[in-house]
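A.B. asks: This is the structure I want to talk about, given as structure tokens.
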Amino acid sequence: MRIELDGLTFDYGSGNPVLDGITLDMAEPQVISILGPNGVGKSTLIHCINKILKPTGGTVMVDGIGVDGYTLKEMARKVGYVPYSSSDTFPLTVFDTVLLGRHPHAGWRTSDEDLETVADVLDRLGIQDLAMRYFDELSAGQRQRVMLARGLVQKPRVIMLDEPTSNLDIRHQLGISRTLKELSRTDGIMVIMISHDLNIAARYSDHVVLMHEGRVFSVGTPEEVLTEDNIREVYGVESRVIDVDGHPYVILRDDDADSSGDLSVEPVCNR
Amino acid sequence: MNPIESSDELVTRYHRQALRKLLVLVVSVVGVIVVVGLFSVSVYDSVSIMEAYGIIWDHIMGVQHAPRSTEWWADRFIWNTVMPRVVAAIVAGASLAAAGALMQSLMNNPLADPYSTGISSGACFGAIMALVLGLTINSLSGQSGMVVNAFLGSLIPVAIVILISKRMPVSPASLILVGTALSYFFSSMVTYMMVITDADTLQNAYIWQVGTLDTVTWESIPLMFGVTVVGSAFVMFLSRQLNILSLGDANAKTLGLDVEKFRIVCLLVMAVMTASIVCFTGTIGFLGLVAPHLVRLLIGSDNRFVIPIAMAMGAFILVLADYIAMSVSDVPVGVVMSIIGSPIFFALILWQKKGYGTVY
């Protein structure tokens, strides 16, 4: 599986491009994290790959064929997408919501194989107990795992995730990230995830793409990309990067925080 | 609920849940049959309800009764006065309910109904033009001229939407805005025509706007029935895609659904389904909104079940409303449905527990 972007540009019609000439070559099973500040075009980049948006310039090739050469259904069999949020106007049960992910492969009827695939993925993500609950009754973190399950039953070769751990507690942040890494190893899937958590990205990614002002600022292993200089340049934040178990670990600093002055009252927060 | 131990058990449970939904379907179908019996007895009261069923069954089976026997008279009465409007009510109820469920999914909006793109106002415009000004296509006069006018009128809005779709994406919001704009336009034309006409025509025009089954005859049935069978089979075939659409346009695309093409095709089917009903019955409101919602409140939002069950529920509601309308004498069925339906709908919204969005 190979995804090649060459000089990709996109603008929403306002004249200032959100993506300004992105060139990237991603191949083989691995975990790739896309990092960068808000509004830098991370989601737009992903949407240009899976045909939600049509690039205004440059080319996007999936397995050597331009994305225009794919129907949406063909694309859905190769590239799965796990969004940041999902509509719940007419919510289904968790089981049925996940079952929708089988659509690119399914015929007219739902087969027992489809049902078993769904049940197995729910099991793998530890959300079997939610199966018969309605999607709109779930917490943000539970929803996120359901959407991940939907992406996994799609059995794609590439799965793209928009902030998959943003609503999760620390245990599930690690659990889901580990599951994604395992998927790349056991199922041979290329995992591309947008993240705001530099340390999750550093701990689990094989490669990191750091974006800045609509361009790729730096690409490489987490050690190469996550440096104090890069973080200062891209995010405008001071940090210290240390080594923990062979992975870079970013400690954020805010030297101005203590200079915001004392409170004029005595704050209370007891039990 | 017990914790679920194995994948096999989960699959079994899933199947069992589907089975439970069929119960609502059975109840609706039985409801239709009961009302048909009551209806027959109220029109021809010298037979019992069981005898009425026997007579209807015999007619369907092609049994001939001796001329001027009790059965012969009962057969004539029931078959010529009750059955056309009962069959029309069943077909119209099923069709409007399916169209409503379809429209709510297409728009991703619980407030949508078959008329949301302006179909009803277009149909009114056509019908009332025939009624008031006598302007019809092919200069057909009377009832048939009005039917053709209403049918064509109701297709104007969707034709405009399809033309627009070449220039801009057909999102739910743009559809609703276009529908609203067209409704205002046609309504003002209708108002103008109603202002300049005489009292009798005005009454007919009003009744048509509310919807009535009084004017339905056997001649109306084949078109309604044919379009409904083909249209609803098509909608049921697409119910899985409709479920995907409920995830929102972007997510639906990533699951391989060509959202815009799909929406246009569905709109066209829905417009023809609705037009084939409305042109005979007038714009029966509320049903397309309420029948799918009642079903969702009872069994959840899975369109694979909502659509067929809403059709049965829609048939039941409309037959029942028409039975009441006829018993009370001369009240248009549309009025009855709103008077009785609104409080029931309201109560269900208050008591609903789950399986529903946060819109209410």
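The values are calculated or read from the model by the stated rules, or taken from the named source; none is laboratory data. Here the structure is a predicted model, which is why all the values come from computation and not from measurement. Neighbour counts run over all protein chains shown; Cβ positions are idealised from the backbone, glycine included. Just so you know, the surface numbers come from the protein's heavy atoms only, side chains and all, with ligands and any DNA or RNA stripped out. Shrake-Rupley method; radii C 1.70, N 1.55, O 1.52, S 1.80 Å.
A.B. asks: On the given criteria, is A:Gly175 more than 11 Å from chain B (Cβ to nearest Cβ), in contact with a His (Cβ under 7 Å, 6 or more places away or on another chain) and either without any contact (Cβ under 8 Å) to a residue 24 or more places away in the chain or in a helix (DSSP H, G or I) (or both)?
C.D. replies: Considered against the rule, which asks whether it is more than 11 Å from chain B (Cβ to nearest Cβ), in contact with a His (Cβ under 7 Å, 6 or more places away or on another chain) and either without any contact (Cβ under 8 Å) to a residue 24 or more places away in the chain or in a helix (DSSP H, G or I) (or both), A:Gly175 comes out as no.
A.B. asks: Out of B:Ala233, B:Ala252, report the one residue that is within 14 Å of another protein chain (Cβ to nearest Cβ), open to solvent by 50 Å² or more (accessible area, probe 1.4 Å) and either more than 24 Å from A:Ser87 (Cβ to Cβ) or touching a helix residue (DSSP H, G or I) at 6+ places or on another chain (Cβ under 6 Å) (or both).
C.D. replies: B:Ala233
A.B. asks: Continuing with this model, one more query. Just to be sure before I move on: is B:Ala74 open to solvent by less than 40 Å² (accessible area, probe 1.4 Å), under 22 Å from B:Glu219 (Cα atoms) and out of contact with any His (no Cβ under 7 Å at 6 or more places or on another chain) in the structure I sent?
C.D. replies: It is true that B:Ala74 is open to solvent by less than 40 Å² (accessible area, probe 1.4 Å), under 22 Å from B:Glu219 (Cα atoms) and out of contact with any His (no Cβ under 7 Å at 6 or more places or on another chain).
A.B. asks: Within the range A:237-247, count every residue that is touching a residue at least 24 places away in the same chain (Cβ under 8 Å) and not in a strand (DSSP E or B).
C.D. replies: Final tally of qualifying residues: 0.
A.B. asks: Just give me the residues in the range A:74-101 being over 30 Å from B:Ile299 (Cα atoms) and in a helix (DSSP H, G or I), in sequence order.
C.D. replies: A:Glu74, A:Met75, A:Arg77, A:Lys78 - these are the residues of the range A:74-101 that are over 30 Å from B:Ile299 (Cα atoms) and in a helix (DSSP H, G or I).
A.B. asks: Quick one: A:Arg109 ticks every box in (1) surrounded by 16 or more Cβ atoms within 10 Å (Cβ to Cβ); (2) within 14 Å of chain B (Cβ to nearest Cβ); (3) farther than 22 Å from B:Pro169 by Cβ bar one, so which box is it?
C.D. replies: Here A:Arg109 meets the rest and fails (1).
A.B. asks: Report yes if some residue within the range A:209-224 is among the acidic types (Asp, Glu) and surrounded by 15 or more Cβ atoms within 10 Å (Cβ to Cβ); otherwise report no.
C.D. replies: So far as the range A:209-224 goes, no, none of its residues is among the acidic types (Asp, Glu) and surrounded by 15 or more Cβ atoms within 10 Å (Cβ to Cβ).
A.B. asks: Could I ask something else about it? Looking at A:Val250, A:Val234, A:Val268, can you tell me which residue is touching a Leu at 6+ places or on another chain (Cβ under 8 Å) and not in a helix (DSSP H, G or I)?
C.D. replies: A:Val250
A.B. asks: Sticking with this structure for a sec: For A:Glu4, only one of the following conditions fails: (1) more than 9 Å from chain B (Cβ to nearest Cβ); (2) in contact with a Gly (Cβ under 6 Å, 6 or more places away or on another chain); (3) open to solvent by 40 Å² or more (accessible area, probe 1.4 Å); (4) not aromatic (Phe, Trp, Tyr). What is its number?
C.D. replies: Looking at each condition in turn, A:Glu4 falls short on (2).
A.B. asks: Next question, about the same structure. Please return the ranges of helices (runs of 4 or more DSSP H) entirely within the range B:24-115 where 2 or more residues are in contact with a Pro (Cβ under 9 Å, 6 or more places away or on another chain) and of a type outside the set (A, V, I, L, M, F, W, C).
C.D. replies: Result: B:83-107.
Listed here are the residues, each with its yes/no results for (1) farther than 12 Å from B:Trp79 by Cα; (2) open to solvent by 40 Å² or more (accessible area, probe 1.4 Å); (3) among the acidic types (Asp, Glu); (4) away from chain A (no Cβ under 14 Å).
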{"residue": "B:Glu9", "(1), (2), (3), (4)": "yes, yes, yes, no"}
{"residue": "B:Val30", "(1), (2), (3), (4)": "yes, yes, no, yes"}
{"residue": "B:Tyr53", "(1), (2), (3), (4)": "no, yes, no, yes"}
{"residue": "B:Trp57", "(1), (2), (3), (4)": "no, yes, no, yes"}
{"residue": "B:Ile60", "(1), (2), (3), (4)": "no, yes, no, yes"}
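A.B. asks: Of these, B:Ser40, B:Ser69, B:Ser46, which one is more than 17 Å from B:Arg85 (Cβ to Cβ) and open to solvent by less than 60 Å² (accessible area, probe 1.4 Å)?
C.D. replies: None of the other options fit; the residue is B:Ser69.
A.B. asks: Can you tell me which residues in the range A:191-204 are open to solvent by 10 Å² or more (accessible area, probe 1.4 Å) and hydroxyl-bearing (Ser, Thr, Tyr)?
C.D. replies: A:Tyr204
A.B. asks: Among the residues of the range B:216-230, which ones are at pLDDT 90 or above and either aromatic (Phe, Trp, Tyr) or open to solvent by 50 Å² or more (accessible area, probe 1.4 Å) (or both)?
C.D. replies: B:Trp218, B:Pro222, B:Leu223, B:Phe225, B:Val229, B:Val230 - these are the residues of the range B:216-230 that are at pLDDT 90 or above and either aromatic (Phe, Trp, Tyr) or open to solvent by 50 Å² or more (accessible area, probe 1.4 Å) (or both).
Okay, residues lined up against (1) open to solvent by 10 Å² or more (accessible area, probe 1.4 Å); (2) without any contact (Cβ under 8 Å) to a residue 40 or more places away in the chain:
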position	(1), (2)
A:Gly13	yes, yes
A:Glu28	yes, no
A:Gly41	no, no
A:Lys54	yes, yes
A:Gly57	yes, no
A:Tyr70	yes, yes
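A.B. asks: Another one. Right, A:Arg124: of a type in the set (D, E, K, R), closer than 29 Å to A:Val244 by Cα, open to solvent by 40 Å² or more (accessible area, probe 1.4 Å) and at pLDDT below 95 or not?
C.D. replies: When the stated conditions are applied, A:Arg124 passes them.
A.B. asks: So which residues in the range A:205-231 are closer than 18 Å to A:Ser195 by Cβ and either basic (Lys, Arg) or in a loop (DSSP other than H, G, I, E, B) (or both)?
C.D. replies: Those that are closer than 18 Å to A:Ser195 by Cβ and either basic (Lys, Arg) or in a loop (DSSP other than H, G, I, E, B) (or both): A:Ser205, A:Asp206, A:Thr221, A:Leu226, A:Thr227.
A.B. asks: How many of the residues making up the range B:166-215 are free of Cβ contacts under 8 Å to residues at least 24 places away in the same chain, in a loop (DSSP other than H, G, I, E, B) and open to solvent by less than 50 Å² (accessible area, probe 1.4 Å)?
C.D. replies: 0
A.B. asks: Go through (1) closer than 25 Å to B:Ser154 by Cα; (2) within 12 Å of another protein chain (Cβ to nearest Cβ); (3) surrounded by 23 or more Cβ atoms within 10 Å (Cβ to Cβ) for B:Leu238 and report which single condition fails.
C.D. replies: Among (1) closer than 25 Å to B:Ser154 by Cα; (2) within 12 Å of another protein chain (Cβ to nearest Cβ); (3) surrounded by 23 or more Cβ atoms within 10 Å (Cβ to Cβ), the lone unmet condition for B:Leu238 is (3).
Yes/no per residue for (1) within 17 Å of A:Ile3 (Cβ to Cβ); (2) touching a Pro at 6+ places or on another chain (Cβ under 8 Å); (3) basic (Lys, Arg):
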site	(1), (2), (3)
A:His172	no, no, no
A:Val209	yes, no, no
A:Phe217	no, no, no
A:Glu223	no, yes, no
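A.B. asks: Something else now. Spot the failing condition for A:Gln30; the list is (1) within 30 Å of B:Arg13 (Cβ to Cβ); (2) of a type outside the set (Gly, Ala, Ser); (3) touching an Asp or Glu at 6+ places or on another chain (Cβ under 6 Å), and only one is missed.
C.D. replies: (1)
A.B. asks: I'm told A:Met147 meets every condition in (1) in a helix (DSSP H, G or I); (2) open to solvent by 30 Å² or more (accessible area, probe 1.4 Å) except one. Can you identify the failing condition by its number?
C.D. replies: (2)
A.B. asks: Ok, one more. So A:Glu74 passes all but one of these: (1) within 8 Å of chain B (Cβ to nearest Cβ); (2) crowded, with 18+ Cβ neighbours inside 10 Å. Which condition number does it fail?
C.D. replies: Unmet condition: (2).
A.B. asks: Further, regarding this structure: Looking only at the range A:152-172, which residues are buried (at least 22 other Cβ atoms within 10 Å of the Cβ) and in contact (Cβ under 8 Å) with a residue 40 or more places away in the chain?
C.D. replies: A:Leu152, A:Val153, A:Gln154, A:Pro156, A:Val158, A:Ile159, A:Met160, A:Leu161, A:Pro164, listed by residue number.
A.B. asks: Go through B:Phe280, B:Phe316, B:Phe286 for me and flag whichever is on the phi > 0 side of the Ramachandran plot and within 16 Å of the chain's Cα centre (by Cα).
C.D. replies: Every option except B:Phe286 fails the conditions.
A.B. asks: Any idea which residue in the range A:84-100 is farthest from the other protein chains (Cβ to nearest Cβ), counting only those that are at pLDDT below 90 and crowded, with 24+ Cβ neighbours inside 10 Å?
C.D. replies: Within the range A:84-100, the match that is farthest from the other protein chains (Cβ to nearest Cβ) is A:Pro91.
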